[in-house]
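A.B. asks: One structure coming up, written as structure tokens, with questions to follow.
The values are calculated or read from the model by the stated rules, or taken from the named source; none is laboratory data. Remember, it's a predicted structure, so these values are computed and weren't measured experimentally. Don't worry about glycine lacking a Cβ; one is built from the backbone with ideal geometry, like all the others, and counts go over all protein chains shown.
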Amino acid sequence: MEAGGGEQPERQPSPLGHAGVVGAGIAGLAAAIALRRAGWRVEVFERSQFKNEIGAAITVTPNGALVLNRWGFDMEKAEAVPNLSKVIALATDPRVILDRQEYADRGRELGHGVWSLHRVDLHRGLRDLATTPSADEAGQPVQITLGCAVEEVDCEAGVLKMADGQTVNKDLSLLLSDFTGYPCEARRNNRSIYRWLVSMDDVMADPDLREIYSNEPPGFMAWIDPGTKMLWTTYRCRGGKLLNIALGHQTQPFQVEKNGWHAQVSREEVLATADNYHPSIKKMVSMANEDGIHIHHVSTRPPLDSFVRGRTVVVGDAAHVMMPTHAAGAGISIESAASLEVLFREVNGKDSSTISCRLNLFDKLRIPRCNLTMLASNSKMGRLRQPGVVDEIRKFYHGPLPPPDALPYSEAWRQILFHHDEYRAAEELLAQASSQKSTLAEGG
Ligand SMILES: Cc1cc2nc3c(=O)[nH]c(=O)nc-3n(C[C@H](O)[C@H](O)[C@H](O)COP(=O)(O)OP(=O)(O)OC[C@H]3O[C@@H](n4cnc5c(N)ncnc54)[C@H](O)[C@@H]3O)c2cc1C
């Protein structure tokens, strides 16, 4: 494999620089789209063959939707469902509502709502944005090489070493694995999540479930068991045809060996775990579609002080793996991509000094936002009341925080986590840095 990847058609302008991205998950693809738009030539190395794209659904919050909209992501084609409310009721009596948050107006106000998508549809839409040739400002198509595992990265030099021994030199690398230079592994905590999809037709054919779902706008409908702290969350995706279900619970000793997006469990196991739940809710277990029920063990890791090393940036879950409490992991990665787009416009890949300054600005923008989101997501029930959480957040983030008992998707949390325009934040910081540089130059 050669640096810069293959010959360019003659009419294409020369790229400003060459970037290599390790991994074509949501974060890697978002970063690749952003750098393409900034005028860079991007090559993504993905170890899998994408034969089994990950199933189940994902919710994109307004901070991420803002970036997707700017890129022209086609929500209609991806059959994204507007997510308008979060309702939490009691596991033992589905009619007892404990918390209700409605944010339909908020989404409209910002022009970017909360959206729920099948993961495959989001992934496909991002791949299209990355790879489709375009005559406009979208830049040269990203090249994605499948079945190509990156084994080592020389972060300072920007050299990627592949599993087959070949090396690729890049001006900038975006790395989706540990790069700190010291042990900083993601570790499983004691929570696991069962995940499955059911047909909305099956749900609506059941009188009890029809009563629940026909009275609520599309959004999160969840049931909590306060005793076991289990949370059964549902929301619609793929044009409202599928219902996504996630059941968070404490990991059982017999589950430890099963992991990964494709690890399956039996319906009997889920029913036994959710024994306390009301029979009408448990009916959704037998409705699991042909993909079956999967288990995912949740991992966390300490926050990083920097996402940058040499010419390398770490993005996505490799930088800030988090619990899905605020449904914010992918959104914050898409936000980071917007930073890269702004910071790397008009930057030449051979200009090491400017690259280093821009990566420094990337850290200034992203360390506070990403670590806040991760630490808030990893606190119990997404609240700040847990001892030590605020102190930990304050090491990285000094902006406003919600009251200690604010729940995920409450107005206070939405304001801080989701009502954020990363394009504006990056453009402002860049303008500030440029004006400081000119003042210094004039003074000197
Ligand atoms: C149950 C659950 C529900 C969630 N719900 C939400 C939600 O509603 N909203 C939200 O915003 N977030 C949600 N998240 C978080 C979100 O899924 C993740 O933050 C996001 O998918 C991370 O994307 P990524 O690209 O960083 O990682 P991944 O999706 O893991 O992608 C990494 C890619 O890199 C490839 N790769 C890894 N190592 C190498 C290598 N050495 N060489 C080549 N390729 C490599 C892998 O094959 C993979 O394709 C949820 C997470 C979980 C577990």
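A.B. asks: Is it true that some residue in region 115-125 is modelled with pLDDT of 80 or more and part of a loop (DSSP other than H, G, I, E, B)?
C.D. replies: no
A.B. asks: So, one more: Within region 17-39, count every residue that is more than 11 Å from the ligand (Cβ to nearest atom) and either in contact with a Lys or Arg (Cβ under 9 Å, 6 or more places away or on another chain) or at pLDDT below 95 (or both).
C.D. replies: Residues flagged as more than 11 Å from the ligand (Cβ to nearest atom) and either in contact with a Lys or Arg (Cβ under 9 Å, 6 or more places away or on another chain) or at pLDDT below 95 (or both) within region 17-39 amount to 7.
For every residue, the table says whether it meets (1) within 16 Å of the ligand (Cβ to nearest atom); (2) touching a residue at least 40 places away in the same chain (Cβ under 8 Å); (3) out of contact with any Lys or Arg (no Cβ under 8 Å at 6 or more places or on another chain).
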residue	(1), (2), (3)
Y277	no, yes, yes
I281	no, yes, yes
M287	no, yes, yes
D291	yes, yes, yes
H297	yes, yes, no
R301	yes, yes, no
T312	yes, yes, yes
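A.B. asks: In addition: Can you tell me which of (1) of a type outside the set (F, W, Y); (2) assigned by TED's automatic domain parsing to the domain that holds S192; (3) closer than 30 Å to L16 by Cα is the one T273 doesn't meet?
C.D. replies: Unmet condition: (3).
A.B. asks: Inspect all residues belonging to region 340-355 and state whether any of them is of a type in the set (D, E), crowded, with 17+ Cβ neighbours inside 10 Å and under 25 Å from the mean Cα position of the chain (by Cα).
C.D. replies: Yes, region 340-355 contains a residue that is of a type in the set (D, E), crowded, with 17+ Cβ neighbours inside 10 Å and under 25 Å from the mean Cα position of the chain (by Cα).
A.B. asks: Would you check if there is a residue in region 336-358 being within 16 Å of the ligand (Cβ to nearest atom), in contact with a strand residue (DSSP E or B) (Cβ under 8 Å, 6 or more places away or on another chain) and modelled with pLDDT of 95 or more?
C.D. replies: Yes, there is a match, as at least one residue in region 336-358 is within 16 Å of the ligand (Cβ to nearest atom), in contact with a strand residue (DSSP E or B) (Cβ under 8 Å, 6 or more places away or on another chain) and modelled with pLDDT of 95 or more.
A.B. asks: Is there a residue in region 382-389 that is closer than 19 Å to Y423 by Cα and basic (K, R)?
C.D. replies: no
A.B. asks: Filter region 214-239 down to the residues that are assigned to a helix (DSSP H, G or I) and at pLDDT 95 or above and list them by number.
C.D. replies: Within region 214-239, R238, G239 qualify.
A.B. asks: Which count do you get for residues in region 40-67 that are more than 8 Å from the ligand (Cβ to nearest atom), under 30 Å from K161 (Cα atoms) and crowded, with 21+ Cβ neighbours inside 10 Å?
C.D. replies: Number satisfying all stated conditions: 5.
A.B. asks: Among the residues that make up region 267-276, is at least one of them buried (at least 19 other Cβ atoms within 10 Å of the Cβ) and of a type outside the set (S, T, Y)?
C.D. replies: yes
A.B. asks: Might you let me know whether region 235-242 holds any residue that is outside the structural domain of I416 (by TED's automatic domain parsing), closer than 17 Å to V198 by Cα and within 12 Å of the ligand (Cβ to nearest atom)?
C.D. replies: Yes, region 235-242 contains a residue that is outside the structural domain of I416 (by TED's automatic domain parsing), closer than 17 Å to V198 by Cα and within 12 Å of the ligand (Cβ to nearest atom).
A.B. asks: Now for a separate question. Could you tell me which of the residues E346, E335, E269 is touching a His at 6+ places or on another chain (Cβ under 9 Å) and acidic (D, E)?
C.D. replies: That would be E335, the only listed residue that is touching a His at 6+ places or on another chain (Cβ under 9 Å) and acidic (D, E).
A.B. asks: While we're looking at this one, here's another question. Can you name the residue in region 137-153 that is farther than 16 Å from G28 by Cα and surrounded by fewer than 16 Cβ atoms within 10 Å (Cβ to Cβ) and, of all such residues, is nearest to the ligand (Cβ to nearest atom)?
C.D. replies: In this case the residue turns out to be E151.
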